[in-house]
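Trainee: After the C-alpha cells below, expect a handful of questions from me.
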Amino acid sequence: MAGRGGGRPWGPIRAQTAEAGALAVFLRAQVDASGLTLTEVAEKVHVSKTQVGTYLAGRVPQQAFVTALITVTVPEPRLRERRQAEAVQLLRAALHPAEVARAAVTAVSESAAVELARVRAQQVETYDRLTRSLEQQAELERAANNSAQLVMVLLHMLGTLERRVEKLVAERDQLSARAAQPRLLEQTQEQLARALDQERRAAEELGRAKEKQRQAEELAARVQEQVDQLTDELDRLRAGDLEGGDVSGEQSESEMGAGRGDGASDPVGDDIDRALARAAAVNDADDQTLQRITDQLHEERHDHEEPQGGGRGAEGRDGEPADHVAGGTRRLLILPDNQDNHPSSVADLLERLPFLARKAYGAGRYNEAARLYKFLASRHARLLGADHPHTLNARNQQARSIGRAGDWDLAVELYKAVVADYVRVLGARHGRTLLVRDHHAFNVGRAGDPTLAAGLYARLADDRSYVLGLNHPDTFRAREDHAFNVGEAGDPALAARLFDAITVDRTRIYGADRLETLRARDGLASNVGRAGDPARAAELYGALADVHTRVHGSDHPGTVYALQRQGYWEGQRAGQGGVSN
C-alpha cells in the first residue's frame with residue numbers, strides 16, 4: 001500500500017524532552033514521505049508495530065532502530081546518507097537532553113492534554129468507520145460466496161434442462177409421427193415450451209449471478225483498500241498508546257426463497273420453477289446488498305468513475321459509474337401490460353426509481369437520468385430534508401447527468417448550489433464535498449471557462465493534498481487538471497512548469513514507464529511547444545515515443561500519437577504552419 005501514508009493524522013507526541021520530540025517528528029516525516037504504513041515499517045525493520053508506534057510517539061529508540069527506519073523509508077542512496085546523518089545528530093541530542101528542554105516540555109503540558117483529548121475523539125470516529133467497513137467486508141464475502149454457489153447450481157440446472165429439452169423434443173416428434181394421442185402430444189408440447197422458457201430464465205439468472213460475483217469482488221477490493229487505510233490511520237492515532245483491541249463485525253443473513261406450483265401434471269418442471277425462484281431471490285437479495293454498500297461507499301469515499309477534469313485523457317476516465325448495478329440481462333419497462341415487471345403499487349415504483357436512474361445513466365440516457373434524479377431530489381427534500389445525504393446526492397447526480405448530456409452551463413449552475421450546500425453541511429474537506437467540487441470544476445472547464453476551472457482545481461489539489469496526502473491518485477489528478485486548464489487559459493509556460501513537477505512526482509511514485517507518468521509527460525511536451533519551444537517539444541515527444549515503443553510496442557496508439565506529435569513540432573520548428581493546441 002505504498003504511497004498512501006502521507007497526510008494522515010498522527011497521535012500526539014509524548015516525548016519527555018524537546019530533543020526526543022524533535023527526533024520523533026523527524027522519523028514520522030520519513031515514514032510519511034515513504035508512503036509506507038506502520039505495519040509495513042514494522043515488518044521491514046523487524047520490530048513490533050506497537051514498539052514502532054512507541055518510538056514515533058517520543059520514546060528515545062536505539063540507534064539500530066533509527067538506522068533501520070531510515071534505510072527502509074529513504075530509497076535514494078545519497079538522500080538516505082544525509083537523512084542518516086541528520087537522524088544520528090537528533091538521536092545524540094535526545095540521549096543527552098538539555099535541562100532547559102525539560103522545563104519547556106512541562107510548560108506545554110496543558111496544551112498537550114487538549115491535543116490528546118482531540119486525538120482520542122478522532123480515534124473513536126476512525127474506529128467506528130473501520131467497524132462499518134469490516135461489516136461491509138463480511139457482507140460482500142457472503143454475497144460473493146452466494147453468487148459462486150449459485151453459478152454452480154445454475155450451470156448444473158442448465159445441463160439438466162438441456163437434456164430435458166432434448167428428451168421432450170424426441171417425444172414430441174414421435175407423437176407427431178404417430179398422430180394417435182393428440183392429448184398427450186399437446187401436454188408434451190406444453191412441457192417443452194415450459195422447459196425452453198425455464199432454460200432462458202436459468203441463463204438470465206446465471207448471467208446475473210456472474211455479474212453479482214464480479215461486482216462483489218470489485219466492491220470487496222474497494223472496501224479492503226478502505227480497511228487498510230483506516231487501520232493505518234488508527235495505528236497512527238494510537239502511536240505510543242498501548243491501549244487497543246480487536247475490531248470485528250458480523251451481519252446477520254436472512255434466507256429468501258419462494259416457490260410456485262402449476263399443479264401435479266409436470267412435477268419436474270415444478271421443481272425447476274421453485275429452484276429458479278430461489279435463484280432469483282438470492283440474486284435479488286445480493287442486488288440489494290451490493291447496491292446498499294455501493295451507495296455507502298459512494299457517499300463516504302470517492303467515486304473515481306467520473307471524469308476528474310478537462311485534461312487530455314479525461315475521456316478515458318469517462319466510463320460507467322461505479323454505482324451502476326447491471327442487474328439482469330433485460331431492460332425493465334414500466335408498462336401496465338408487462339405483468340412480469342410492472343410495480344404492484346406506487347410505493348414499489350418509488351423504491352425502484354434510484355435503480356432506474358442509475359440504469360438510465362449507465363446506458364447513456366442522460367436526459368432521462370437527469371429527470372429521474374430531479375424527481376428523487378425533490379422527493380427526498382420533502383420527506384428527509386434538504387440537507388439529508390440522499391437529497392444532496394440526488395442533486396449531485398442530476399447535475400452530473402445534465403453535464404454528461406452536454407448542457408455544461410446548466411450543470412455548472414446546479415453544481416454551484418450543490419457545492420455550497422455540501423460545504424455548509426459537511427465542510428469543504430469532507431470526502432464527498434471534494435468529489436462534488438471535482439465535478440463542478442470539470443463542468444466549468446467544459447463550459448468554456450478554463451481560468452475559473454484552473455482556480456477551482458488549484459484549491460481542490462491543495463485540499464486533497466491536505467486530506468489524502470501529496471501522493472494520493474486523486475491529488476495527482478487534481479494537479480493535472482489544474483495544469484491542463486492553466487494551459488487552456490493562455491499560460492502554457494506555467495502549465496509546462498506544473499506538468500514538469502507532476503512528471504517528477506509521478507516518476508518517483510509510479511516509475512518512468514507507467515501510463516500515469518507518460519500522460520504527465522504528454523502534458524509537459526504539449527505545453528512546452530505551445531509556450532514557444534517547438535524544438536524542445538519535439539525532443540520530449542521523441543523520448544516519449546521511445547518509451548511507448550519499448551513498453552507497449554510500435555503499433556500501440558500511444559506510440560503512434562507520440563510520433564505524430566513529434567513530427568508536428570518538428571514541422572513547427574522548421575516554420576511549417578501555426579502552433580496548434
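Trainee: What ranking, highest mean first, results for peptides 32-39, 454-461 when packing means the other Cβ atoms within 10 Å averaged over each residue?
Mentor: Numbers: 32-39: 19.9, 454-461: 22.6.
Going from most to least packed, we get 454-461, 32-39.
Trainee: Below 23 Å, Cα to Cα, which lysines can LYS212 reach? Residues fewer than 8 away in the same chain don't count.
Mentor: LYS212 reaches LYS359.
Trainee: Once label points are set 7 Å from the Cα along Cα→Cβ at both ALA221 and ARG459, what is their separation, rounded to one decimal in nm?
Mentor: Each label point is offset 7 Å from its Cα along the Cβ direction, giving 3.5 nm.
Trainee: Working out 0.36 nm times the residue gap between GLU43 and ARG178, then minus their Cα-Cα distance, what length gain in nm do you get to one decimal? Present the calculation step by step, with values, prior to reporting the outcome.
Mentor: On the way: separation 135, 0.36 × 135 = 48.60 nm, distance 7.94 nm.
Full-extension gain reported as 40.7 nm.
Trainee: Rounded to the nearest 0.05, what FRET efficiency do VAL25 and ARG429 have when you use their Cβ-Cβ distance and R0 = 25 Å? Could the numbers behind the result be given before it?
Mentor: Numbers: r = 23 Å, r/R0 = 0.93.
Efficiency, from the Cβ-Cβ distance: 0.60.
Trainee: If ligands, DNA and RNA are left out, what is the accessible area of MET152 with a 1.4 Å probe, given in Å² to the nearest 10?
Mentor: Result for MET152: roughly 130 Å² accessible.
Trainee: Separate question: Cross-link candidates for LYS167: which lysines have Cα within less than 30 Å, leaving aside residues fewer than 8 places away along the same chain?
Mentor: LYS210
Trainee: To make sure I understand the rule: partners must be lysines, Cα under 24 Å from the Cα of LYS416, and not fewer than 8 residues away in the same chain. Which ones qualify?
Mentor: Correct list for LYS416: LYS374.
Trainee: Let me ask you something else. R0 = 35 Å: FRET efficiency of GLU186 with ASN145, Cβ-based, nearest 0.05?
Mentor: It comes out at approximately 0.20.
Trainee: Now, a different point. If each of VAL165 and TYR561 carries a label point 7 Å out from its Cα toward its Cβ, how far apart are those two points in nm?
Mentor: With each label placed 7 Å out from Cα toward Cβ, I get 4.4 nm.
Trainee: Rounded to the nearest 0.05, what FRET efficiency do GLN62 and THR507 have when you use their Cβ-Cβ distance and R0 = 35 Å?
Mentor: Using R0 = 35 Å, I get an efficiency of 0.50.
Trainee: To the nearest Å, what is the center-to-center distance of segment 138-199 and segment 509-581, using C-alpha atoms only?
Mentor: Segment 138-199 and segment 509-581 have Cα centres separated by 59 Å.
The values are calculated or read from the model by the stated rules, or taken from the named source; none is laboratory data. Since the model is a prediction, treat every value here as computed from it, not as a measurement. Because the Cβ atoms are built from the backbone with ideal geometry, glycine has one as well, and the counts that use them run over all protein chains shown. Accessible surface is based on the protein model in full, side chains and every heavy atom, while ligands, DNA and RNA are left aside. Shrake-Rupley method; radii C 1.70, N 1.55, O 1.52, S 1.80 Å.
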